[in-house]
Amino acid sequence: MAITMDWLLEIHHIDVGGGEATAIVVRDSSEKIVSRVLIDAGAEGGGSESLKKYIKQYLQVDAANPFDYIIASHYHNDHIDGFWQCKIPFKNYIDAGGYTLKDDKFIPINGVGVKTSANYFEGYKQQVAANVGAYNAKRMKIPFIDNENPVNGPLTIKLGTGTGIELICYCANGVLADGVNVLNGQKASKRRALNPNDLSFVFILEWENFRYFTAGDLSGDKTLKSYYNVEESLIAYLEKLGKLPVTVLKVTHHGSEYSSYPASSDTTKDGFLDKLRPDTLIVPCNISKKVPSPSFLQRANSYCTTNKIPILFVNDMFYFKGDNRYTEILSIQSNSQNNAQFFSNILPNDTENKVSNNAQSVVVLRRSGGAPIGKPKESSDTYIARKDYAVIIKNGKFEREGGFITQPDQYEFRASFYAYLLDAHIIPGFRNQAEAIKGWLQQDQLTNPKEGINYLTMYYPALIAVIEKQSENLIDALAQSLTDLFHDTFQEKSINGILYYSPDNPAFNEFSLDQKLTLYNSLIRNKYQLELFYVLDQKNNDYTQQDLDNFKGYTWNNKGEPYESSGIEKRTATSQPKTREKKAKIDGK
């Protein structure tokens, strides 16, 4: 059918902090939405709240207006957590199966690559079940990966009626749509177990000569040491079908060293990019998992510079001087400074020693019947006209509700909690945090870049002065500093003889932003403060000391913590910071 100017296609790359969530929307000439698709819903850290608000504000998604389709590219939490955390409503779902709902049972040829008992997988299954109940949601099977009755050929989803816009699956579960099981030919050489990344779904959104490529965390490890190499076989298949080049590439696996396979041992040229020949690159970052990688950035920089095309970074992205990614990012920004075609949303030196996308972390593509649409409605957005589509970068960090703050840029608390939490849990948590910080600084002496001090500068800036002044008893000094910040924020009060802490100490108004940021990161969604997280997450203070001591199932690994710290330290402390006299301090203000 001939394409007319009646349809508007939008592809929203949503900022979820770290992970991936991409919404595809089709509108009619009145801008009424006629089709909605959500591919993945990663939501690490506070990203689920950002995702929830974004899809409501910009896509009008709610219980009365669910997504027509949701797609889980593979079962990893940074791709599916948001489905259940945000209670995403939908009418049809596409995933790898591996579980049973009522009479629906779908088993893929190569399995699902994850333990189905994992908490995030359980949460996802429950949300699917909820939508089956609420909307009679239906599974759309990918026929060529059905273990019981495989049928070769791509899966095609038509977006809207008469639009000519199609979303087509060419690879899933390590199997090409022509039935070739890529994994089978590599198993003899593969040294590690199958990973959900190897099983990622590959879709191309097609509208006339416009092609948008999305493939989750698809692997392209030519060494086969860490992952399979599905990308290379996929490219050969797409070439045979005449589906190359693509117009826009959403980079696979966040730009890891195990994807976007290089053509040879010379990693400055990238065979994957050269084969796909995209006109624009979108990189969904996940700095907690240290992606994009230096090797990918080097190859992408070379490709984008040579071909003079934009490279845009979605989600939080920042690197400090001393990190080898800093050099590559700065080079990308420098190369794009005086070239309108080779554009990037990187802002250099937003602090003296850091590069980032500095609150320009949402990227939207728009196309209307073969021609770019006009300027965006929001005048603050950055608009880039491409051949027959537009790239729009939304300026300003989308407000997140997570973390129990009222003003995201002010880090103001609004939760109260029982006083017994302080001595029993919060102060010991501060000490454990201080012990971890000392460990990072010790590790800094042995490595470059200095991950510890870089991380502290970003998340705990008020502690830098303590570190510079204190050479002995550093743990005590850090723990006391955090305790002092706490007492300058929360006041001890009493109702019917029950003590609690309320965040209305006047001293907090005198805090610098560094002090507010430091205390916020020390308390909220911090693995050293799980008991506090438990109380705030439940939004209820009706928990006894015994409840807190016995609670199970709450874990929080601090995202991007230096030197890959993990686990939860034992809650013991030989020396506790001193609890100050609060009233004198308040009166003094």
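Tabulated data for the structure shown
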item	result
The one condition in (1) within 30 Å of N324 (Cα to Cα); (2) modelled with pLDDT of 85 or more; (3) part of a loop (DSSP other than H, G, I, E, B) that T447 fails to fulfil	(2)
Region 286-308, residues that are surrounded by 19 or more Cβ atoms within 10 Å (Cβ to Cβ), modelled with pLDDT of 85 or more and in contact with a Phe, Trp or Tyr (Cβ under 9 Å, 6 or more places away or on another chain)	P292, S293, R299, C304
Complete set of residues in region 477-522 that are in a helix (DSSP H, G or I), acidic (D, E) and within 23 Å of I437 (Cβ to Cβ)	D484, D514
Odd one out for K222 among (1) within 26 Å of A21 (Cβ to Cβ); (2) in contact with a strand residue (DSSP E or B) (Cβ under 9 Å, 6 or more places away or on another chain)	(1)
Residue match in region 309-322 (condition: farther than 25 Å from I11 by Cα, open to solvent by less than 20 Å² (accessible area, probe 1.4 Å) and of a type in the set (S, T, Y))	yes
Some residue of region 65-83 being touching a His at 6+ places or on another chain (Cβ under 8 Å), small (G, A, S) and in contact (Cβ under 8 Å) with a residue 24 or more places away in the chain	yes
Test for G179: is it open to solvent by 20 Å² or more (accessible area, probe 1.4 Å) and on the phi > 0 side of the Ramachandran plot	yes
Region 333-372: number of residues that are modelled with pLDDT of 75 or more, farther than 16 Å from D279 by Cβ and of a type in the set (S, T, N, Q)	9
Search result, residues across region 155-175 that are over 11 Å from F203 (Cβ atoms) and open to solvent by less than 10 Å² (accessible area, probe 1.4 Å)	L159, T163, I165, N173, G174, V175
Within region 379-398, considering residues that are at pLDDT 70 or above and in a loop (DSSP other than H, G, I, E, B), the one most open to solvent (accessible area, probe 1.4 Å)	K387
K289 being within 18 Å of the chain's Cα centre (by Cα), in contact (Cβ under 8 Å) with a residue 60 or more places away in the chain and over 23 Å from A385 (Cα atoms)	yes
Test result for P150, open to solvent by 60 Å² or more (accessible area, probe 1.4 Å), at negative phi and either touching a residue at least 24 places away in the same chain (Cβ under 8 Å) or not hydrophobic (A, V, I, L, M, F, W, C) (or both)	yes
Residue match in region 480-490 (condition: over 20 Å from P428 (Cα atoms), more than 31 Å from the chain's Cα centre (by Cα) and at pLDDT 80 or above)	no
Any hit, region 76-93, residues being small (G, A, S) and within 14 Å of the chain's Cα centre (by Cα)	yes
From N119, N77, residue being under 25 Å from V362 (Cβ atoms) and open to solvent by 10 Å² or more (accessible area, probe 1.4 Å)	N77
Qualifying residue in region 112-131 (condition: within 24 Å of P284 (Cβ to Cβ), in contact with a strand residue (DSSP E or B) (Cβ under 9 Å, 6 or more places away or on another chain) and of a type in the set (A, V, I, L, M, F, W, C))	yes
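The values are calculated or read from the model by the stated rules, or taken from the named source; none is laboratory data. Keep in mind that this is a model prediction, so the values were computed, not measured. All Cβ positions, even for glycine, are placed from backbone atoms using ideal geometry, and neighbour counts span all protein chains on display. Surface areas here come from the heavy atoms of the whole protein model, side chains and all, with no ligands, DNA or RNA. Shrake-Rupley method; radii C 1.70, N 1.55, O 1.52, S 1.80 Å.
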